[in-house]
Amino acid sequence: MHGSAGALLACKHMFPTPAWDEGLDEAQLAVASHGAGPLVVVAGAGTGKTRALVSRVASLIQRGTAPERILLLTFTRRAADEMLSRATNLVALRSDRRPWGGTFHAVAHRYVAAYAVPLGLPTGFSVIDPGEAGDLMELMRGDYDLGGTAVRSPRSATLVDIYSRCINTGHRLHEVLEVDYPWCKPHLDAMAELFGAYTARKHQAALLDFDDLLLYWRALLSEEDLGRHVAEMFDYVLVDEYQDVNSLQVDIVRLLAPKGRGLTVVGDEAQAIYGFRGADFHHLRELVLDFPDASMITLQRNFRSRQGILDVANTVRPNGDGVGLRLFSERGRGVKPSLVHCHDASAEAAAVVERVLEAHERATPLREQAVLLRAAHHSDLIEVELTARKVPYRKYGGLRFLEAAHVKDFVMTARLLDNPHDEIAWYRLLRLHQDIGPARARALVGTALATPDVLGDWPQLVAAAPAAARSALAGTLDKMVEARSLPAPGRRAETVVAAIRPLLVGRYPDAAVRLRDLERLAAAAAKAPDLSSWLAELTLDPPESTGDFAGPPHLDEDYLIISTIHSAKGLEWSAVHVPHVVDGFIPIDMALGTADGLEEERRLFYVAVTRARDELYLYVPLRMPYHRRGRDDRHGFALQSRFLEEEVISALDVVEQPVPRLRVPVGPVPAKISVDLSSLWA
DNA sequence: GGTAACTGGGTTTTT
DNA sequence: CCCAGTTACC
């Protein structure tokens, strides 16, 4: 079934060249034509690892593997979709016979939904995001001595982070607190109790958080017979970005590919940027050690960037870890990247926009350029400047569409149709009504959960509500009953929007805009097979930019990309602009405390730099506001980033951005000017 | 006891 | 922009 590389070469002389190996270099070809033994590919940035993976999938199919017996796990759904459609194009497959692919979480969801019954889960379970997990923690933490402000106690978002870290790393709570949250140590016992109760309460409400999806998938795979059956559904498992997996994901991979058979992982330790989420790049090394028969292929020919950019990248690249990989360009020297010194943050914003427009003049479209930032709000001033100069842009990362209050209102209300046990959804929906605050909502949630079929029997819930809220609540519930009776996802979603419309109109001054968002969302839902799985997928893979639901972009539409470095992973642009290359921003101040944190910041900088194909600009403002936002606009001197070591700077062309000077326009001067205040005291 | 409206202080990265 | 804390009103 698995032809060797030799047999493959022989075939090439007899048949027209198969499309999948066209233009591959030796190392990429070795990846594509590798057999079934475990394979570790160490791929530096821009070395064509996507091509190699795509070709491998195509090659496996051509060598006789059934497409549906291949599983491709990637970091984002977009990456999976892109790779799978490229691979299937190479071998011209029927669309119903495609390989499996997606993020760990998305694939987990499919399995967990399909095997809900043996896993002991209710079939109507809902998937909640970390924000909603925080809502549930918030509801509970008061009962576990973690509320109030008498003692400094962790916020609910922090509690979710800690909980999640325990699960994703497999470390015990006290270890996690010791290493990552030492200031929370006094709350150890309270947290242990809270976390136990949180797990139970989620289960009761038929809610699965992101971590649960992985936990249940692992549980399924660990089960003696069923697990083996599920794992045996795949002959090949390919995992991209393996440096960013956590130990739970490692377990899943190991269970899917016992002894590494059919396993391919691709990664680069120098691009590990998800340590804060429990990822550990050592997993990549460990795989090589654990499977002595693993083959290792290193890709270091860079097809993306000019050598000038790689000179910077090679000096920034952390040398302690990794394999001492150095990147060599296949595309010539190019222009030397610039380090632009600016007077202050607003001069920097002007300098960025100026260079964006210059590159645009030189025929680099806006969408071939990106501004990459450490944190989403670092783009404030640049956005102001872009707006003032009418440069269109789209922003990725940071505040998400799904976090917008009205979208959550809609999603959670819609979820209640299939899962009436969802107490956070009830809580949110009830709070949306006038005269129902935290306390009454809490009581009403109790009533709702105690009523066997609340939606069928809604007058009971209305009767328990305060008189002032009854008619509104009756209206909401009545519409929801109607929505529940409609099977078509589009109509169902529309009716949910209708149910909450009066509530939103009362709550948000800009309700009209928000309702339009929801109508678009409902229209998108119409294309899904059913509403509840569509909602789960929306939660797992939310639209990344605010523009994503504005309909398909025009072909000739051009806009600059603004993105966090994290969201830019795996992407590339002709020109890349990195502002704020200043200590406290890159590296960010929050990460300065630990050596590990600082190393991750360096890798982040490396990722940013290696996104550029032809032009790279780093910007250093010499003065920065003390506070990143808000009323205090005092400035202090900024320290150039500690990552800009001498060796890095020598690979850069240092430019001083002239200080903008205020010019007072001088017109015709009158003969005599006088200032007379005498009338004030007369 | 409970809700709504206002104020002042603070903001990393994401499946 | 989101939060916790305060205050005025039911």
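The values are calculated or read from the model by the stated rules, or taken from the named source; none is laboratory data. These numbers were taken from a predicted model, which means no experiment stands behind them. Cβ sites come from the backbone with ideal geometry, for glycine too, and all protein chains shown count toward neighbours.
Quick notes on this structure:
- Listed by first and then second residue, the pairs with beta-carbon distance under 8 Å, at least 6 apart or on different chains, first residue in segment A:72-83 and closer than 11 Å to residue A:106 by Cα, second basic (Lys, Arg), are A:75/A:569.
- Qualifying residue in segment A:197-204 (condition: within 14 Å of DNA strand C (Cβ to nearest atom), of a type in the set (S, T, N, Q) and exposed (fewer than 14 other Cβ atoms within 10 Å of the Cβ)): no
- Entirely in segment A:12-105, the helices (runs of 4 or more DSSP H) that have 3 or more residues that are within 21 Å of residue A:252 (Cβ to Cβ) and at pLDDT 90 or above: A:49-62
Matching residues to (1) in the same structural domain as residue A:325 (by TED's automatic domain parsing); (2) at pLDDT below 95; (3) crowded, with 24+ Cβ neighbours inside 10 Å:
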{"site": "A:223", "(1), (2), (3)": "no, yes, no"}
{"site": "A:233", "(1), (2), (3)": "no, yes, no"}
{"site": "A:239", "(1), (2), (3)": "no, no, yes"}
{"site": "A:244", "(1), (2), (3)": "no, yes, no"}
{"site": "A:258", "(1), (2), (3)": "no, yes, no"}
{"site": "A:268", "(1), (2), (3)": "no, yes, yes"}
{"site": "A:275", "(1), (2), (3)": "no, yes, no"}
{"site": "A:279", "(1), (2), (3)": "no, yes, no"}
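- Here residue A:518 meets the list (1) modelled with pLDDT of 90 or more; (2) buried (at least 18 other Cβ atoms within 10 Å of the Cβ); (3) within 33 Å of the chain's Cα centre (by Cα) almost entirely, failing just condition (1).
- The lone criterion from (1) away from DNA strand C (no atom under 15 Å from the Cβ); (2) more than 23 Å from the chain's Cα centre (by Cα) left unmet by residue A:431 is number (1).
- Qualifying position, being under 22 Å from residue A:340 (Cα atoms) and within 16 Å of DNA strand C (Cβ to nearest atom), among A:375, A:405: A:375
Results for (1) within 11 Å of DNA strand B (Cβ to nearest atom); (2) surrounded by 16 or more Cβ atoms within 10 Å (Cβ to Cβ), shown as yes or no for each residue.
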{"residue": "A:67", "(1), (2)": "no, yes"}
{"residue": "A:72", "(1), (2)": "no, yes"}
{"residue": "A:81", "(1), (2)": "no, no"}
{"residue": "A:89", "(1), (2)": "no, no"}
{"residue": "A:92", "(1), (2)": "no, no"}
{"residue": "A:103", "(1), (2)": "yes, yes"}
{"residue": "A:106", "(1), (2)": "yes, yes"}
{"residue": "A:123", "(1), (2)": "no, no"}
{"residue": "A:135", "(1), (2)": "no, yes"}
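- Scanning segment A:456-480 for residues that are more than 35 Å from the chain's Cα centre (by Cα), touching a residue at least 12 places away in the same chain (Cβ under 8 Å) and more than 16 Å from DNA strand C (Cβ to nearest atom) yields a total of 12.
- Selection within segment A:586-619 - surrounded by fewer than 22 Cβ atoms within 10 Å (Cβ to Cβ) and of a type in the set (A, V, I, L, M, F, W, C): A:588, A:590, A:591, A:592, A:595, A:598
- Single match in A:468, A:441 (criterion: touching a Lys or Arg at 6+ places or on another chain (Cβ under 6 Å) and within 16 Å of DNA strand B (Cβ to nearest atom)): A:441
- Counting the residues of segment A:224-238 that are in contact (Cβ under 8 Å) with a residue 40 or more places away in the chain and either touching a Ser or Thr at 6+ places or on another chain (Cβ under 7 Å) or among the charged types (D, E, K, R) (or both) gives 3.
- Residue within segment A:474-497 that is within 16 Å of DNA strand B (Cβ to nearest atom), touching a His at 6+ places or on another chain (Cβ under 6 Å) and not small (Gly, Ala, Ser) present: no
- Among the residues making up segment A:260-302, those that are assigned to a loop (DSSP other than H, G, I, E, B) and within 23 Å of residue A:596 (Cα to Cα) are A:268, A:272, A:273, A:274, A:278, A:279, A:280, A:281.
- Within the span defined as segment A:165-179, every residue fails to be within 15 Å of DNA strand C (Cβ to nearest atom) and closer than 28 Å to residue A:419 by Cα.
- Residues in segment A:209-250 that are under 20 Å from residue A:285 (Cα atoms) and more than 22 Å from the chain's Cα centre (by Cα): A:237 only.
Okay, residues lined up against (1) more than 29 Å from the chain's Cα centre (by Cα); (2) assigned to a loop (DSSP other than H, G, I, E, B); (3) within 21 Å of residue A:571 (Cα to Cα); (4) hydrophobic (A, V, I, L, M, F, W, C):
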residue: A:304; (1), (2), (3), (4): no, yes, yes, no
residue: A:312; (1), (2), (3), (4): no, no, yes, yes
residue: A:326; (1), (2), (3), (4): no, yes, yes, no
residue: A:334; (1), (2), (3), (4): yes, yes, yes, no
residue: A:347; (1), (2), (3), (4): yes, no, no, yes
residue: A:356; (1), (2), (3), (4): no, no, yes, yes
residue: A:359; (1), (2), (3), (4): no, no, yes, yes
residue: A:363; (1), (2), (3), (4): yes, yes, yes, yes
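- Residue A:262 falls short on exactly one of the conditions (1) more than 20 Å from residue A:65 (Cα to Cα); (2) crowded, with 24+ Cβ neighbours inside 10 Å, and that condition is (1).
- Filter result for residue A:288 (under 30 Å from residue A:167 (Cβ atoms), among the β-branched types (Val, Ile, Thr) and not assigned by TED's automatic domain parsing to the domain that holds residue A:164): yes
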